[in-house]
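Right, one structure below, let's go through it.
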């Protein structure tokens with residue numbers, strides 16, 4: 001590896017930034033994307049990365065590829081491709097549980113090779129929910145195999161997840177700091193990891209077809225989401241009864257109260273609609289006033305609503321004279337949604353978010369850690385993985401969910417879809433992937449070309465394309481990439497590799513170093529996420545590979561694979577998003593995830609060494 005390196009001031013600065021990044025990601029004192037931005041600014045102030053390179057991560061191939069895959073995925077979703085997919089899966093499985101799990105998992109895994117994992121998970125949550133509702137299979141039995149397939153299938157291509165997308169940029173950066181005599185590393189083509197991904201996906205399917213079935217057998221029926229049915233919400237959340245109209249009389253104590261004040265009273269039913277004068281609206285805002293003659297649409301058991309009406313001088317009517325259209329099941333109803341890790345709702349209360357006023361959505365209940373909350377939920381700060389129960393007009397729900405601050409898992413009518421553009425969207429998607437495979441143009445140009453074509457042809461409009469992009473993911477990647485470059489350019493990664501060889505010994509087999517790199521990367525991924533683990537570990541792995549006379553590209557590829565080898569922690573967005581709907585506890589994830597982690601590690605090690 002050359003002459004011995006001494007720890008310089010620049011190296012200590014870089015190591016300090018790595019420790020700071022890992023600490024902030026672990027303890028979440030600062031948001032992960034804000035942490036990445038702070039690191040970027042410090043790299044610029046200290047001169048560790050030249051200003052000319054500091055912000056190139058935002059326009060680099062990695063960031064552009066991630067943005068493009070998100071837009072392409074949104075185009076497929078907007079045309080209703082997955083509604084057809086759910087029907088096709090049911091026909092192919094013929095209602096048999098084992099076949100349904102296998103086919104659904106295989107399709108989700110294949111799709112994850114071409115789309116970002118959170119996007120695939122968001123698309124498949126309502127599909128799997130619909131399948132569970134039509135077949136009666138417990139949702140926990142379906143979700144964990146599908147999630148595992150999504151994680152394993154992202155190794156099919158170089159655009160399946162953020163670590164694989166970042167890898168080529170990190171390889172190109174490392175070439176600038178290779179020792180004399182070392183061969184230049186070439187970027188990996190689109191389908192270079194295909195054999196690895198196929199083996200991983202196949203192993204996951206076989207696992208849940210054999211020994212994994214026993215681990216699914218203990219799934220409880222407490223959080224099954226069979227679809228949008230009254231019986232489910234009554235059983236799971238205690239939300240039951242009928243819809244009534246209450247007309248406010250002149251002597252009613254509700255006169256002059258706001259909706260928020262009235263529904264906060266003890267014994268009040270669920271307030272779902274309000275009509276004042278000729279203005280009738282669903283999900284009235286909490287500050288909307290109740291006056292003489294106002295009509296309130298409420299939901300509850302007949303005897304409870306009747307008692308409430310009698311005590312408040314309200315005229316009760318079971319026949320919906322004013323709200324019949326608003327409560328039409330084809331127009332409105334109850335739904336469930338999960339809060340993803342990237343949501344801006346995290347840490348905010350319902351009172352802060354003003355869901356009724358902004359989106360026309362009523363929050364009825366919160367399911368957190370298998371405990372149902374219905375009282376004082378206006379003041380409850382939301383967390384990632386929370387399950388929310390909404391009542392709303394379907395169009396309002398669709399518009400509210402466009403920014404992906406919550407992911408609706410209940411199947412509901414989406415009138416904004418463009419099914420007439422389905423085959424156009426599929427054709428553009430296949431064409432962009434074919435261009436990327438052909439190597440006629442760079443991957444980022446091929447993918448962004450497909451995204452631009454979807455916008456120009458009307459599959460998506462520009463606002464919908466903007467909404468499809470998770471800017472938190474883009475910022476996280478673009479801001480942390482320069483930290484990886486700094487590890488290379490300052491010699492920090494080289495120094496770490498030298499320390500490793502001095503303590504372990506240069507005569508160890510190559511696979512021992514690779515195993516150590518994989519285990520360390522997996523551990524980092526559990527704590528700081530796959531992007532942070534990739535940035536920290538790829539430069540180090542390349543230098544360890546060079547020092548051990550191994551293939552540095554193989555070491556780097558193992559890092560990108562191992563960073564996603566996370567079936568155990570909520571730091572993986574896929575696991576975070578499915579835990580709430582399925583009611584998985586940490587021990588459930590560990591019971592099914594540990595064997596998958598070991599299988600993933602062994603296959604990655606064997607196939608990378610055979611291929612490279």
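The numbers here are math on the coordinates, done by the rules we state, and not lab data. Bear in mind that the values here come from a model prediction, so they are computed numbers and not experimental data. Don't worry about glycine lacking a Cβ; one is built from the backbone with ideal geometry, like all the others, and counts go over all protein chains shown.
Sorting 380, 537, 12 by the number of Cβ atoms found within 10 Å of their own Cβ, with the fewest placed first, yields 12, 380, 537.
The label point for residue 203 and the one for residue 38, both projected 7 Å from the Cα toward the Cβ, are 3.8 nm apart. A Förster radius of 30 Å combined with the Cβ-Cβ distance from residue 172 to residue 519 puts the calculated FRET efficiency at roughly 0.65. A Förster distance of 45 Å, applied to the separation of the beta-carbon atoms of residue 569 and residue 610, puts the FRET efficiency at 0.95.
When the scattering of the range 340-445 is computed by the Debye formula from its Cα atoms alone, each counted once and equally, what is log10 I(q)/I(0) at q = 0.11, 0.18, 0.20 Å⁻¹? Debye curve over Cα of the range 340-445, log10 I(q)/I(0) at q = 0.11, 0.18, 0.20 Å⁻¹: -0.51, -0.88, -1.00. Distance from the C-alpha centroid of the range 440-504 to that of the range 533-604: 18 Å, rounded to the whole angstrom. Scaled against 2.2 N^0.38 Å for its residue count N, the alpha carbon radius of gyration of the range 228-410 is 0.99.
Whole-percent P(r), the chain, all Cα pairs, 10 Å bins from 0: 3, 16, 25, 23, 16, 10, 5, 2, 0, 0.
Roughly how tilted is helix 510-547, in degrees to the nearest 10 and between 0 and 90, from the longest Cα axis of the chain? Between helix and principal axis, roughly 20 degrees. Cα axis of helix 471-489 to longest principal axis of the chain: angle in degrees, 0 to 90, nearest 10? Value to nearest ten degrees: 20.
Per residue, the average separation of C-alpha pairs within less than 8 Å and at least 6 apart gives the chain a relative contact order of 20 percent.
Ordered by the count of other Cβ atoms within 10 Å of each Cβ, fewest first, 169, 251 give 251, 169. Taking each residue as 0.36 nm, the span from residue 213 to residue 503 lengthens on full extension beyond its C-alpha to C-alpha distance by 100.1 nm. The slack between residue 549 and residue 6, meaning 0.36 nm per residue of separation minus the straight C-alpha distance, is 193.3 nm.
The gain in end-to-end length when the residue 402 to residue 45 segment is fully stretched comes to 124.8 nm, 0.36 nm per residue minus the alpha carbon separation. Each residue of the range 270-332 gets 95 Å³ once the volume of the Cα convex hull is shared out per residue. Using equal-weight Cα scatterers in the Debye expression, the normalised intensity of the range 465-583 in log10 at q = 0.15, 0.20, 0.21 Å⁻¹ is -0.71, -1.06, -1.13. Label-to-label distance for residue 302 and residue 59 is 7.0 nm, based on points extended 7 Å past Cα in the beta-carbon direction.
Fewest neighbouring Cβ atoms within 10 Å first, the residues 512, 14 line up as 512, 14. Peptides 70-80, 291-301, 342-352 ordered by packing proxy, namely the average of other Cβ atoms within 10 Å per residue, highest first: 70-80, 291-301, 342-352.
Counted over the range 1-79 with a bin width of 5 Å, the fraction of Cα pairs per bin, in whole percents, is 3, 12, 15, 15, 17, 15, 10, 6, 3, 2, 1, 0. Its Cα gyration tensor gives the range 381-511 an equivalent ellipsoid. The semi-axes, each the square root of 5 times an eigenvalue, are 42, 25, 14 Å from largest down. For residue 602 and residue 349, a Förster radius of 56 Å and the Cβ-Cβ distance give a FRET efficiency of 0.75, rounded to the nearest 0.05. Taking the C-alpha atoms only, the angle from helix 32-46 to the longest principal axis of the chain is near 40 degrees.
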